[in-house]
Amino acid sequence: QVQLVESGGGLVQAGDSLRLSCAASGRTFGRLAMGWFRQAPGKEREFVAAISWSGDSTGYADSVKGRFTISRDNAKNTVYLQMNSLKPEDTAVYYCAADPKKYYSGTTGYDYWGQGTQVTVSS
């Protein structure tokens, strides 16, 4: 089992930045492919970003490419999502996810999910 706890969400204005954190426990963090997803009201959950075990492979949704950066600190069992130049359309609940089966999971295949953290961007 893997437990994931997100933090760092909040209410910000358009153009501001936020950094989300996701602390993992229960398994060797350095052997977990990690991802961030988000779900806006009335919409399906969508992929945001992913990172491999060592951090050498990353991927992003087109909507956030160039603005968001995913990173990880295996010594702290934590994955981060740095979000810059936030837009109102980034408003959503953000979830981190873990996949113990693959080095890099990309957009699908995650087995464990956190409870989410709310990000609200006002215009």
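See the values below:
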{"item": "Residue ID - farthest from ARG31 (Cα to Cα), chosen from residues in region 51-71 that are open to solvent by less than 40 Å² (accessible area, probe 1.4 Å) and in a strand (DSSP E or B)", "result": "PHE68"}
{"item": "Residues being touching a Ser or Thr at 6+ places or on another chain (Cβ under 8 Å) and under 25 Å from ALA75 (Cα atoms) - total across region 6-24", "result": "10"}
{"item": "Condition met for PRO41 (within 30 Å of SER123 (Cβ to Cβ) and at pLDDT below 95)", "result": "yes"}
{"item": "Those residues of region 30-43 which are open to solvent by less than 60 Å² (accessible area, probe 1.4 Å) and either farther than 21 Å from GLY106 by Cα or more than 15 Å from the chain's Cα centre (by Cα) (or both), in sequence order", "result": "GLY30"}
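The values are calculated or read from the model by the stated rules, or taken from the named source; none is laboratory data. Small disclaimer: the values here were computed from a predicted structure and weren't measured. We place every Cβ from the backbone using ideal geometry, glycine too, and count neighbours over all the protein chains shown. Protein only, heavy atoms only, side chains kept; ligands, DNA and RNA dropped before computing areas. Shrake-Rupley method; radii C 1.70, N 1.55, O 1.52, S 1.80 Å.
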